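**Student:** I am attaching a structure below and will ask some questions about it afterwards.
We did not get these values from a lab; they are worked out from the coordinates using the rules stated. Please read all numbers here as calculations on a predicted model, not as lab measurements. Note that each Cβ is placed from the backbone with ideal geometry, even for glycine, and that neighbours are counted across all protein chains shown.
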Amino acid sequence: MSAGRCGDVPGAGDRTGGVPGVVGRGGTRNAAGAIRFGDVFAAELAKIRTLPVTWIALAVATAANTLLGVLAVTDAVRIAGQDGQIAIGRLGTLMVSPVYVFAAIAVHAAGGEYRAGQLRVTLAAVPDRNRLFTAKLAATAAAGLLAAIPAVLPGHLVRHAPAIAGGHLGIGAAAAGLAAILGAYLLLGLIGHGLAVIARSVVTPLAVLLVTPVVISPALRGTLPDLVRFLPHEATLSLLDMAGDPGAALGRAGGLLVLTAWAGLSVGGAWLVFARRDV
């Protein structure tokens with residue numbers, strides 16, 4: 001038998017194994033024929049990076065956090081409350097609100113492909129749903145954590161720089177506060193990611209994330225305070241030491257634990273439906 005040309009043998013002249021629709025680096029396969037996880041991860045990360053909403057959400061969250069930091073440190077604006085004028089820095093829900101804009105990055109990364117059947121194309125290239133979901137989740141977490149740094153750092157520095165300079169706040173405490181904020185941004189993003197997969201939508205998860213602190217928490221706070229403090233938004237306030245009622249706060253460790261549990265439930269449910277549900 002004479003040796004044929006490379007072009008006569010599937011996969012001999014390329015790195016895709018001759019699989020239709022899988023070309024270039026995103027389709028690189030290992031010896032067993034499976035697309036490498038690193039390539040799927042890189043492709044998903046590239047998708048997030050090229051989404052316009054990623055840069056819009058990052059810009060808005062950065063500007064909002066910086067503005068709130070300036071208002072909090074200067075005490076130039078106060079809000080009327082039942083007990084008189086309240087400083088901006090004491091309004092936890094307001095100070096945390098930019099995270100719900102930022103969460104749009106994770107939500108669009110997870111739910112955007114359900115429009116116009118785009119996910120079918122991705123599954124044709126990466127049919128292993130567990131591998132694909134893991135790569136999507138890892139890319140969302142990595143992109144979210146990296147983007148959260150410029151989103152929150154300017155506002156955090158502006159707000160706490162005078163206290164650090166005056167010796168009222170240690171560098172370690174400021175760093176711990178920054179780490180808590182980054183953790184909150186990451187975990188709330190993962191909650192949004194899971195809800196987007198479950199709902200196959202970008203609108204529903206964003207609506208749920210926004211309605212919870214604005215409508216659900218205030219409505220239940222008077223009648224079910226012990227339940228409300230375990231909701232994601234209230235757990236976030238506890239994690240950031242911004243709870244409106246210190247007596248009902250979970251503490252930083254408790255807030256982190258509850259928020260992590262919500263993220264785990266959301267991501268776990270999304271993984272289950274992604275692996276089993278038809279596109």
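**Student:** Highest first, please rank the peptides 88-101, 36-49, 181-194 by the mean number of other Cβ atoms sitting within 10 Å of their residues.
**Tutor:** 181-194, 88-101, 36-49
**Student:** If I histogram all Cα-Cα distances within segment 129-206 using bins 10 Å wide from 0, what percent of pairs lands in each bin?
**Tutor:** P(r) for segment 129-206, in whole percents per bin: 17, 37, 25, 15, 6, 0.
**Student:** Show me, for segment 63-68, the HN-Hα J-couplings you get by feeding each phi into the Karplus relation (A = 6.51, B = -1.76, C = 1.60, θ = phi - 60°), rounded to Hz, glycine and proline as x.
**Tutor:** 5, 5, 5, 5, 4, 5
**Student:** Also, I was wondering about something else. Kirkwood-based Rg over Rh for segment 162-279 (C-alpha set), two decimals?
**Tutor:** In segment 162-279, Rg relative to Rh is 1.06.
**Student:** Which value results when the Cα radius of gyration for segment 36-276 is divided by 2.2 N^0.38 Å?
**Tutor:** 1.05
**Student:** Can you give the Rg to Rh ratio of segment 46-100, both from alpha-carbon atoms, with Rh computed by the Kirkwood formula?
**Tutor:** Here Rg/Rh amounts to 1.16.
**Student:** How large are Rg and Dmax for segment 64-165 when calculated on the C-alpha trace, in angstrom?
**Tutor:** 19.6, 60
**Student:** Would you please give the residues with an amide H less than 5 Å from that of residue 169, counting only those at least 5 places away or on a separate chain, with H modeled from the backbone geometry?
**Tutor:** For residue 169, the qualifying residues are 164.
**Student:** Please compute the contact order of segment 36-276 in relative form: average sequence separation of alpha-carbon pairs under 8 Å and at least six residues apart, divided by the residue count, as a percent.
**Tutor:** 24 percent
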